[in-house]
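Structure record follows, encoded as structure tokens.
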Amino acid sequence: KKFQLYGRQVKPVFYKGKGDQLAEFFGGGTEAANADALQAAQEIHAFADLSVLSTPYAEALIRQKVIAIPPIHMSRQWYEKNAPYAYGVFVDCSRLLESVIDYGLKRMLGYKARYAGEPSYRTEDRTLGLIVPEEPWYQECANEGDRLLQQAGHKLTHRINYKLDFTRLSSDAVGMVAQMKDKGVTTLICGCDPILPLFLTTQATQQNYRPEWGVIGTALTDVDLLGQIYDQEQWRHAAGISFLDDIYQGTKTEAYRVYKEIRNDEPAFISSVLYYPILLFFLGVHMAGPNLNPSTFEQGLFNYPTASGETGTWSFGPGDRTATDDAREMYYDPKAISPFNGEPGRYVKSVDGRYYTNWPVGEATFPVEP
């Protein structure tokens, strides 16, 4: 009803793949991902796959010239290298790190670590530690962020590159926390997967290390549901930026409203996660015009006028193949009630407005209990 398809019909095809997304997310599962991509391309003859969360599957589809939506937090270089076959809903990690550095320089660095759990840190100037996966596309972004930081006259106190291996996260967290504590890092930034902070915060409490936790919105670590599972005594000292807005459940979501326009039954619990890749796809098809192919799909998204909604401001263009552009400043309040599940633990907006690389100058202030 909302899109011009120029006489075409979109045929959804659901199939049971051989891949293991968890294994692929942590760097394995390549053989099964390749098999699934071959099935999508050669048996289903897919124009696009809208369920692409892992890098191995995304790259396997791209080799088959099937559009992959939405790989998570790949670098700007990765998207450009794989054009016109890859697009994301979540911000690319290059743009994310640029926003993080701009935010840090204007709102955090040069000020005391007053929101740390450790009282002695609160009178010290902030020192930054970063934890980031060792995969090359994430390293590209971390290295660029490091360069921008040094260009402005600052540097990381300590950086840890870790292997995305779920079987090692718990044991690796022991050493990570010990290193950050030993280096005197007051503000620990985890540009990481959503599981590692669970082990990091548990270990930090066990090792009596109570820093500020810098949240930068990677891999849904800025979603209430995940914030609630991290050690709450640690996470009450978490703050930073998020490229999302409040994540709702049920009748308040755009996904719910769209679903109910078509059907009378109730949508799935994770309907919003499924909805936004579909929305991105239909925007591309609509804007491509009557001649649809990967190149016109790309140009169609580039021509899409900037628009704002529940997931912030969306736009596309050369060098920008992910939807979300801007971020909000927020902090974690373990007592606030989440609009997602009605449970205690919520990321709360602390500044009116959303920003990308033009954050307001001035110390970030949060009502975080010391």
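The values are calculated or read from the model by the stated rules, or taken from the named source; none is laboratory data. Bear in mind that the values here come from a model prediction, so they are computed numbers and not experimental data. For neighbour counting, all protein chains shown are included, and Cβ atoms are generated from backbone atoms with ideal geometry for every residue, glycine included.
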Taking the criterion of being buried (at least 23 other Cβ atoms within 10 Å of the Cβ), in contact with a Leu (Cβ under 8 Å, 6 or more places away or on another chain), among the small types (Gly, Ala, Ser) and more than 14 Å from THR322 (Cβ to Cβ), would at least one residue in region 121-133 satisfy it?
yes
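Quick check on this structure: which one of TYR304, TYR332 is modelled with pLDDT of 95 or more, aromatic (Phe, Trp, Tyr) and surrounded by 20 or more Cβ atoms within 10 Å (Cβ to Cβ)? Talk me through it step by step, then tell me what you get.
Values: TYR304 fails: surrounded by 20 or more Cβ atoms within 10 Å (Cβ to Cβ).
After ruling out the rest, the residue left standing is TYR332.
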For LEU156, all conditions in the list (1) within 13 Å of GLY214 (Cβ to Cβ); (2) buried (at least 19 other Cβ atoms within 10 Å of the Cβ); (3) not polar (S, T, N, Q) hold save one; what is the number of the exception?
(2)
Among the residues of region 230-238, is any buried (at least 18 other Cβ atoms within 10 Å of the Cβ), part of a helix (DSSP H, G or I) and not β-branched (Val, Ile, Thr)?
yes
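What number of residues within region 222-252 satisfy the criterion of being of a type outside the set (A, V, I, L, M) and at pLDDT below 95? Steps first, answer last, please.
Step one: of region 222-252, the residues of a type outside the set (A, V, I, L, M) are 222, 224, 227-228, 230-237, 240, 242-243, 245-246, 248-252.
If we keep only those that are at pLDDT below 95 as well, we get 222, 224, 242-243, 245-246, 248-252.
Residues that pass the stated criteria total 11.
Being in contact with a strand residue (DSSP E or B) (Cβ under 8 Å, 6 or more places away or on another chain), of a type in the set (A, V, I, L, M, F, W, C) and in the same structural domain as LEU188 (by TED's automatic domain parsing) is the requirement here; does ILE241 meet it?
Details: in contact with a strand residue (DSSP E or B) (Cβ under 8 Å, 6 or more places away or on another chain): yes; of a type in the set (A, V, I, L, M, F, W, C): yes; in the same structural domain as LEU188 (by TED's automatic domain parsing): yes.
Judged against the criteria, ILE241 is a match.
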Could you check how many residues of region 180-205 are in contact (Cβ under 8 Å) with a residue 24 or more places away in the chain and more than 23 Å from the chain's Cα centre (by Cα)?
9
SER272 passes all but one of the listed conditions (1) in contact with a strand residue (DSSP E or B) (Cβ under 7 Å, 6 or more places away or on another chain); (2) under 30 Å from GLU233 (Cα atoms); (3) not hydrophobic (A, V, I, L, M, F, W, C); the exception is number (1)
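Residues that are within 28 Å of GLN228 (Cβ to Cβ) and without any contact (Cβ under 8 Å) to a residue 60 or more places away in the chain: which helices (runs of 4 or more DSSP H) entirely in region 241-309 hold 1 or more of them? Give the steps one after another, and end with the answer.
Numbers: elements: 254-262, 271-288, 294-303.
Output list reads 254-262, 271-288.
GLY184: outside any helix (DSSP H, G or I) and either basic (Lys, Arg) or more than 20 Å from ILE241 (Cα to Cα) (or both), yes or no?
For GLY184, the condition - outside any helix (DSSP H, G or I) and either basic (Lys, Arg) or more than 20 Å from ILE241 (Cα to Cα) (or both) - is met.
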Could you run through region 166-179 and say how many residues are exposed (fewer than 14 other Cβ atoms within 10 Å of the Cβ) and part of a loop (DSSP other than H, G, I, E, B)?
2
Scope region 253-293; condition more than 25 Å from PRO305 (Cα to Cα) and of a type outside the set (S, T, N, Q); matching residues:
LYS260, ILE262, ARG263, ASP265, GLU266, PRO267, ALA268, PHE269, ILE270
